[in-house]
Amino acid sequence: MSTATLDAPTQDDAVQSFTVTFIIRRFDPEVDDEPRWQDFDVEMFATDRVLDALHKIKWEQDGSLTFRRSCAHGICGSDAMRINGRNRLACKTLIKDLDISKPIYVEAIKGLPLEKDLVVDMEPFFESYREVQPFLIARSEPGAGKERVQSVADRARFDDTTKCILCAACTSSCPVFWTDGQYFGPAAIVNAHRFIFDSRDDAAKVRLDILNDKEGVWRCRTTFNCTEACPRGIQITQAIAEVKQAVMRGKP
Amino acid sequence: MSVKTAGGSPTAPTTSKRISGTLYRGREGMWSWVLHRITGVAIFFFLLVHILDTALVRVSPEAYNAVIGTYQTPIMGVGEVALVAAIVFHAFNGLRIILIDFWSKGSRYQKVMFYVVIGLWVVTMVGFVPRHLINVFSH
């Protein structure tokens, strides 16, 4: 057998690359009064992600482009942004899944205060998250072996809502949240759901009272934007509907 | 910094004049909600006017007749088509929203139910519009 397979690929074998136009909504609070749109042409491969394009722009064209990213692999939830009019994680959006015959629009998520370029102030989002008490509140001591034993069925009851990475793609896709920033938002309700339906938790009543508010679950208008936007595939509207039912029953 | 990119050099950034991409591209759920809002507000204003014109009969029957008489024009006839279209959509989509809220599988079938709503709306309008327009334009 030939050992030539490890040779550098010739020009013919090279993976085809494409020039992709990105139109990014820029905002520098020290210079701009209003956000503005700026074009960038980037050479991309089909298997690249939008995050790779942002990196290329920042590293090779304009170092002032500002965005958040940490793990870059869809786990940390830092790089939620609006790409072609839909909220997604830049690190999970492949170029091949977008129509590159047209420019790709990238802008910050909506409904939270814009700080710079693609960075928004997440504090109102986390404020709502903290308000639903997203931690285990148990009134009893753990059983023998110091573990709180749970059946497989009980664990499965809230499995979907444990997947949340707090990227805010859902909350900032919600038309109700855009016009009413006081609304708890899908992410906070998802994380309340995760503990309300946990058999080990004893504070479901407290959380249901918090969410049985004018700005709580009843603000949800079932537009399903959150479910469409969730990069983790959580059935968010379903979870909110279950919390609504639990509020009406008065128990999980 | 070495500027060496595959196949082409990066072009200088240009400022785009096109303002686009600001509209959130929701899917069936969002657009059904938008339509539900628009038809709801439209029906509210119709009811407001309708209550006022009906209340006119208490002021004077002649004034009532005069106002109702102006409704019997082809323009209002076409307006009635829009009114019925709005009410029929709002009614069927209202049932869809009730099912999403109270049926445990409602949110799973919300897209299917949206197209069922559109289908029922089309069937109802096909039954109503020709007959109504014949009445309006045969006077």
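Pairs meeting the criteria (first residue in segment A:80-91 and closer than 14 Å to A:G111 by Cβ, second residue of a type in the set (D, E), beta carbons under 8 Å, at least 6 apart or on different chains) are A:M81/A:E107; A:R82/A:E107. The residue that is surrounded by the fewest Cβ atoms within 10 Å (Cβ to Cβ), counting only those in segment A:17-40 that are within 11 Å of another protein chain (Cβ to nearest Cβ) and aromatic (F, W, Y), is A:F18. Among the residues of segment A:214-222, are any of a type in the set (F, W, Y) and either in a loop (DSSP other than H, G, I, E, B) or in the same structural domain as A:G111 (by TED's automatic domain parsing) (or both)? No, segment A:214-222 has no match at all. Within segment B:96-116, the set of residues being part of a loop (DSSP other than H, G, I, E, B) and more than 8 Å from chain A (Cβ to nearest Cβ) comprises B:W103, B:S104, B:K105, B:Y109.
What pairs come up if the first residue lies in segment A:185-212 and is within 15 Å of A:Y129 (Cα to Cα) and in the same structural domain as A:K110 (by TED's automatic domain parsing), the second is open to solvent by 10 Å² or more (accessible area, probe 1.4 Å) and in a helix (DSSP H, G or I), and their beta carbons are under 9 Å apart, counting only those six or more places apart or on different chains? Nothing qualifies.
A single entry from A:L65, A:L54 fulfils the requirement of being within 11 Å of chain B (Cβ to nearest Cβ), under 15 Å from A:F22 (Cβ atoms) and in contact with a strand residue (DSSP E or B) (Cβ under 9 Å, 6 or more places away or on another chain): A:L65. If you go through segment A:165-180 and keep only what is within 13 Å of A:Y129 (Cα to Cα) and surrounded by fewer than 24 Cβ atoms within 10 Å (Cβ to Cβ), you end up with A:I165, A:L166. If the condition is being over 14 Å from A:L98 (Cβ atoms) and assigned to a loop (DSSP other than H, G, I, E, B), then segment A:23-63 contributes A:F27, A:D28, A:P29, A:E30, A:V31, A:D32, A:D33, A:E34, A:P35, A:D62, A:G63. Scanning segment A:68-81 for residues that are within 14 Å of chain B (Cβ to nearest Cβ) and touching a Cys at 6+ places or on another chain (Cβ under 8 Å) yields a single hit, A:A80. Does A:Q133 fit the bill of being in contact (Cβ under 8 Å) with a residue 12 or more places away in the chain and either touching a strand residue (DSSP E or B) at 6+ places or on another chain (Cβ under 7 Å) or on the phi > 0 side of the Ramachandran plot (or both)? It is true that A:Q133 is in contact (Cβ under 8 Å) with a residue 12 or more places away in the chain and either touching a strand residue (DSSP E or B) at 6+ places or on another chain (Cβ under 7 Å) or on the phi > 0 side of the Ramachandran plot (or both). Selection over segment A:106-158 of residues that are assigned to a loop (DSSP other than H, G, I, E, B) and in contact with a helix residue (DSSP H, G or I) (Cβ under 9 Å, 6 or more places away or on another chain) gives a count of 14. Checked against (1) out of contact with any Phe, Trp or Tyr (no Cβ under 9 Å at 6 or more places or on another chain); (2) away from chain B (no Cβ under 14 Å); (3) buried (at least 16 other Cβ atoms within 10 Å of the Cβ); (4) of a type outside the set (D, E), A:A90 passes all but a single condition, namely (1). Return yes or no: is A:S101 out of contact with any helix residue (DSSP H, G or I) (no Cβ under 7 Å at 6 or more places or on another chain), assigned by TED's automatic domain parsing to the domain that holds A:P29 and modelled with pLDDT of 95 or more? Taking the combined requirement at face value, the residue does not satisfy it.
When A:T66 is tested against (1) free of Cβ contacts under 8 Å to residues at least 60 places away in the same chain; (2) under 23 Å from A:T227 (Cα atoms); (3) among the hydroxyl-bearing types (S, T, Y), just one condition goes unmet, and that condition is (2).
Assigned to a loop (DSSP other than H, G, I, E, B) and surrounded by 10 or more Cβ atoms within 10 Å (Cβ to Cβ) - does that describe any residue in segment B:121-137?
no
Checking each residue in segment B:30-71 for being of a type outside the set (A, V, I, L, M, F, W, C), open to solvent by 40 Å² or more (accessible area, probe 1.4 Å) and over 24 Å from the mean Cα position of the chain (by Cα) picks out B:T54, B:R58, B:P61, B:E62, B:Y64, B:N65, B:T70.
Selection over segment A:219-234 of residues that are open to solvent by 40 Å² or more (accessible area, probe 1.4 Å) and within 21 Å of B:N93 (Cβ to Cβ) gives a count of 3.
The values are calculated or read from the model by the stated rules, or taken from the named source; none is laboratory data. From a predicted model like this one, the values you see are computed outputs, not experimental measurements. Note that we place each Cβ from the backbone using ideal geometry, even for glycine, and neighbour counts take in every protein chain shown. Surface accessibility is based on the protein's heavy atoms, side chains included, excluding ligands, DNA and RNA. Shrake-Rupley method; radii C 1.70, N 1.55, O 1.52, S 1.80 Å.
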